[in-house]
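Novice: Handing you a structure now.
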Amino acid sequence: MGRSSFLEMGCGTGVIATCAALAGCDRVVAVDVNPQAVVNSQRNASRHGVADRLDSIHSDLFDALDGAERFDVVFWHSNYVLAPDDYRYANVHERAYVDAGYVTHRRYLEQAPRWLTPGGRALLHFSARGDLDELRRIAVECNRQLHIRRSAVFLEGEQEVEHLLIEVATRAGQA
């Protein structure tokens with residue numbers, strides 16, 4: 001088996017990144033805009049014995065990453081709730097759920113493919129609580145295609161909510 005790498009955007013406590021390392025990924029990077037999330041992610045990696053393969057980085061999406069690094073999988077459990085463009089965040093925790101004007105989604109769609117190894121996959125977790133039509137519109141503007149790879153419905157309180165695993169691909173003939 002060859003070497004494998006995984007990048008998790010918006011890692012929170014690092015559950016997904018830690019699971020990727022536990023599943024055998026050789027190199028895992030967990031990124032979050034919240035400095036405390038970065039600390040929590042690294043603590044969880046240590047608790048589960050994978051700190052030697054998991055680095056937690058404080059970053060707004062890809063900003064703090066080494067520009068030469070590439071990953072087999074780039075994954076983001078997105079902040080899919082769309083807010084107006086002029087929305088003001090009350091605290092850093094709101095950024096985990098709310099994306100004003102889908103500015104962060106646009107950045108992810110534009111930038112994620114450039115961080116992939118040949119044959120790598122950019123994945124996005126999205127929810128029916130978000131605006132899938134708007135995400136699709138942005139994807140077209142960014143020359144990206146969205147492919148729903150999995151769909152599942154979960155009970156959240158008393159409401160059933162569909163969650164999607166979407167692969168982000170570069171349109172044929174586009175960069």
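The values are calculated or read from the model by the stated rules, or taken from the named source; none is laboratory data. A quick note: this is a predicted structure, and the numbers were derived from the prediction, not measured. For neighbour counting, all protein chains shown are included, and Cβ atoms are generated from backbone atoms with ideal geometry for every residue, glycine included. Side chains included, ligands, DNA and RNA excluded: accessible areas come from the protein's heavy atoms. Shrake-Rupley method; radii C 1.70, N 1.55, O 1.52, S 1.80 Å.
Novice: Ignoring the sites themselves, what is the longest stretch of the chain with no chymotrypsin sites (Phe, Trp or Tyr not before Pro) in a DSSP loop and at most 15 other beta-carbon atoms within 10 Å?
Specialist: 1-86
Novice: FRET efficiency for ARG129 and GLN36, Cβ-Cβ distance as r, R0 = 22 Å, nearest 0.05?
Specialist: 0.35
Novice: Further, regarding this structure: Report, to the nearest whole %, how much of the accessible area of region 34-175 belongs to carbon and sulfur atoms, 1.4 Å probe, protein only.
Specialist: In region 34-175, the share of accessible area belonging to carbon and sulfur is 48 percent.
Novice: With every protein chain present, what is the per residue accessible area of the chain (1.4 Å probe, Å²)?
Specialist: Accessible area per residue, the chain: 53 Å².
Novice: Let me ask another. Quick one: putting +1 on the C-beta of Lys and Arg, -1 on the C-beta of Asp and Glu, what dipole do you get for the chain around its Cα centre, in Debye to the nearest 20?
Specialist: Result for the chain is approximately 540 debye, rounded to the nearest 20.
Novice: Evaluate the relative contact order of the chain (contact order divided by residue number), counting alpha-carbon pairs under 8 angstrom at least 6 apart; express in whole percent.
Specialist: After rounding, I find 17 percent.
Novice: If you don't mind, there's one more thing I want to ask. In the neighborhood of ALA37, defined by Cβ-to-Cβ distances under 12 Å, what is the net charge if each Lys or Arg adds +1 and each Asp or Glu adds -1?
Specialist: 0
Novice: Under a point-charge model restricted to the Cβ atoms of Lys and Arg (+1) and Asp and Glu (-1), what is the dipole moment magnitude of region 91-134 relative to its Cα centre, in debye to the nearest 20?
Specialist: In debye, rounded to 20, region 91-134 gives about 260.
Novice: Show me the trypsin sites (Lys or Arg not before Pro) within region 1-106 that DSSP assigns to loop and that have at most 10 other Cβ atoms within 10 Å of their Cβ.
Specialist: Filter output for region 1-106: ARG3, ARG88.
Novice: Report the label-to-label distance for LEU165 and ASN91 in nanometres (one decimal), using points 7 Å from each Cα along the Cα→Cβ vector.
Specialist: My value for the distance between the label points is 3.2 nm.
Novice: State the percent of C-alpha pairs, over all pairs in the chain, separated by a distance greater than 30 angstrom.
Specialist: Percent of Cα pairs beyond 30 Å in the chain: 15.
Novice: Determine the relative contact order of region 71-175: mean sequence separation of Cα pairs under 8 Å and six or more apart, normalised by residue count, in whole percent.
Specialist: The value is 29 percent.
Novice: Can you tell me the FRET efficiency between ARG43 and GLN145 if r is taken as the Cβ-Cβ distance and R0 is 41 Å, rounded to the nearest 0.05?
Specialist: FRET efficiency, ARG43 to GLN145: 0.65.
Novice: Okay, moving on. In angstroms, what radius of gyration and Dmax does region 76-150 have, counting Cα atoms only?
Specialist: Final numbers for Rg and Dmax: 12.7, 40 Å.
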